[in-house]
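The values are calculated or read from the model by the stated rules, or taken from the named source; none is laboratory data. Model, not experiment: these values are computed from the prediction. Cβ coordinates were reconstructed from backbone atoms using ideal geometry, including for glycine residues, and neighbour counts include every protein chain displayed. Surface accessibility is based on the protein's heavy atoms, side chains included, excluding ligands, DNA and RNA. Shrake-Rupley method; radii C 1.70, N 1.55, O 1.52, S 1.80 Å.
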Amino acid sequence: MALERTLSIIKPDAVQKNVIGRILMRFEASGLKIVAARMTRLSRAEAEGFYAVHRGRPFYRDLVEFMTSGPVLVQVLEGEGAIAKNRELMGATDPKQAAKDTIRAEFATTIDANAVHGSDSADTARTEIDFFFKPGEIFTR
Ligand code: IDP
Ligand code: MG
C-alpha cells in the first residue's frame, strides 16, 4: 500500500456534540497522522464549491445549508492507504447502514448530519486537500 493523504472534515453536528477529540483519537489509533488541521466556518460559496460534484442532486441545497450551519474542523490525514482507511473508519454515508464501531455509527444521527467527510479517491483527495490547505500548511513528520 502507498503512503497517502486524504481530506477529513469533522462536520458541524459532531463539532456541536463536542466529540472532535474522540474522532481524532480514532484516526490516530488506526495509525493515521494528522498532518494539517484548522477550524473554520464554511461560507456558502465554499460549501457550494467543495460539494460541486453533487450540484443538481436533490440533497444539494440541504447539504450546503448544513455544512454552513456551524464550525467544522478540516484536517489532512496521512498514512498507508489513508484514503480507504479513513472511509472504513467513517462507515456508510447513512449512519443507519454504518457498520458497528464506525464513526458514523457512533456519532452521526441522520444521513445529512453524518459527522464526518472523507475523500473517496486519490483524485478527489488531491483536489480536496488543495481546496483547504497550502503546501506550507501541511506538516509531514
Ligand atoms: P460520503 O460523505 O459518504 O462520501 P456522498 O455520497 O459523497 O457521501 O454525499 C456527500 C454528503 O451529502 C453525505 O455525507 C451526506 O451528508 C449528504 N448526502 C448524501 N446522500 C444524501 C441523501 O440521500 N440525503 C441527504 N443527504 C445526503
Ligand atoms: Mg463523498
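What does the convex hull of the Cα atoms of the chain come to per residue, in Å³, rounded to a whole number?
So the per-residue Cα hull volume is 105 Å³.
Based solely on its DSSP helices, what 222 nm [θ] is calculated for the chain when runs of n ≥ 4 H residues each add -39,500 (n - 2.57) and the sum is averaged over all residues, nearest 500 deg cm²/dmol? Write down the numbers at each step before the final one.
Details: 7 runs with 55 residues, N = 141.
Using -39500 (n - 2.57) per qualifying helix, the result is -10500 deg cm²/dmol.
Give the calculated FRET efficiency between LYS100 and ASN18 to the nearest 0.05, with a Förster radius of 22 Å applied to their Cβ-Cβ distance.
On the way: r = 23 Å, r/R0 = 1.02.
After rounding, the FRET efficiency stands at 0.45.
Roughly how many nanometres apart are two label points built 7 Å out from the Cα toward the Cβ at THR124 and ALA2?
Roughly 1.8 nm, to one decimal.
Taking the chain as a Gaussian network, where each spring joins two C-alpha atoms under 10 Å apart, which residue of VAL72, VAL53, VAL64 fluctuates the most?
VAL53
Please give the per residue accessible area of the chain, computed with a probe of 1.4 Å over protein heavy atoms only, in Å².
Solvent-accessible surface per residue comes out at 54 Å².
Once neighbouring chains are kept in place and the probe is 1.4 Å, which whole percent of the accessible area of segment 27-76 is contributed by carbon and sulfur?
53 percent
On a full-extension model of 0.36 nm per residue, what is the gain between LYS134 and ARG55, subtracting their alpha-carbon distance, rounded to one decimal in nm?
25.9 nm
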